[in-house]
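In what follows, a structure is listed as structure tokens, so that the remarks can point back to it.
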Amino acid sequence: MLSQTTGYAVSALAFVAAAGSRPVLVREIAAALALPPPYLAKIVNSLGRRGLVTTQRGIGGGVHLARPAAEISIWDLCAALDDPAIQARCLLALDGCSDEGACPAHEVWKAQREALWAFLKTTSLADIAAFEARRGRVPLAHGAAAAPGAGRPGPGR
């Protein structure tokens, strides 16, 4: 499971992706998704420092994705926010658990972790924005997140 911070980031940036090229204010995102505005502002700041979004203050300002939504994976957000889901840890939290000295849960957890990582690496913000638009949770701007394969995970993303 992803941390609350990463979950908020996924939802917020999918909202930004759905807006197309229109800048989106943090308070607009927070209100639309029922997220705490100060916490969301900190997340956006952190993502800006890591090059995933750009922000501009003032009239006409807001949050923009730094690259196309189809090129930003959930894995990218996890890495930027140091999410525990992408850390190779023992399921049982046992010291010394590794391929060479495996705990009883190692093989099962390793397979599950690899499947999760594959999903995170191949699912983009465009996929999440398309999903949320189908649910009516975000208004999809004309042409937003409309990259080939948007709405479904695919290899190489």
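The values are calculated or read from the model by the stated rules, or taken from the named source; none is laboratory data. Remember, predicted model here, so these are calculated numbers, not experimental data. Neighbour counts are summed over all protein chains in view; Cβ atoms, including those assigned to glycine, are modelled from backbone coordinates with ideal geometry. Quick note on the areas: whole protein, heavy atoms, side chains included, nothing else; ligands and nucleic acids left out. Shrake-Rupley method; radii C 1.70, N 1.55, O 1.52, S 1.80 Å.
Within segment 22-37, residues that are at negative phi have Cβ atoms under 7 Å from residues that are open to solvent by 60 Å² or more (accessible area, probe 1.4 Å) and of a type outside the set (K, R) in these pairs: P23/Q56; V26/P37; R27/P37; A30/P37, counting only partners at least 6 apart in sequence or on another chain. Considering segment 38-81 alone, what residues qualify as being touching a residue at least 60 places away in the same chain (Cβ under 8 Å), closer than 18 Å to A18 by Cα and not charged (D, E, K, R)? Those that are touching a residue at least 60 places away in the same chain (Cβ under 8 Å), closer than 18 Å to A18 by Cα and not charged (D, E, K, R): L65, P68, A69, A70, S73, I74, L77.
Based on this model, can you work out whether R137 counts as part of a loop (DSSP other than H, G, I, E, B), at pLDDT below 95, out of contact with any Phe, Trp or Tyr (no Cβ under 8 Å at 6 or more places or on another chain) and within 24 Å of Q4 (Cβ to Cβ)? Against the criterion (part of a loop (DSSP other than H, G, I, E, B), at pLDDT below 95, out of contact with any Phe, Trp or Tyr (no Cβ under 8 Å at 6 or more places or on another chain) and within 24 Å of Q4 (Cβ to Cβ)), R137 qualifies.
Collect the residues in segment 72-99 that are in a loop (DSSP other than H, G, I, E, B) and in contact with a strand residue (DSSP E or B) (Cβ under 9 Å, 6 or more places away or on another chain), keeping them in residue-number order. If the condition is that a residue be in a loop (DSSP other than H, G, I, E, B) and in contact with a strand residue (DSSP E or B) (Cβ under 9 Å, 6 or more places away or on another chain), then I72 is the only one that fits. Taking the criterion of being open to solvent by 30 Å² or more (accessible area, probe 1.4 Å), more than 12 Å from the chain's Cα centre (by Cα) and small (G, A, S), the residues of segment 62-103 that qualify are A66, A88, A93, G96, S98, G101, A102. Beta carbons closer than 8 Å, at least 6 apart along the sequence or on distinct chains, never pair a first residue in segment 104-126 that is over 14 Å from I86 (Cα atoms) and at pLDDT 95 or above with a second that is surrounded by fewer than 18 Cβ atoms within 10 Å (Cβ to Cβ) and of a type in the set (S, T, N, Q).
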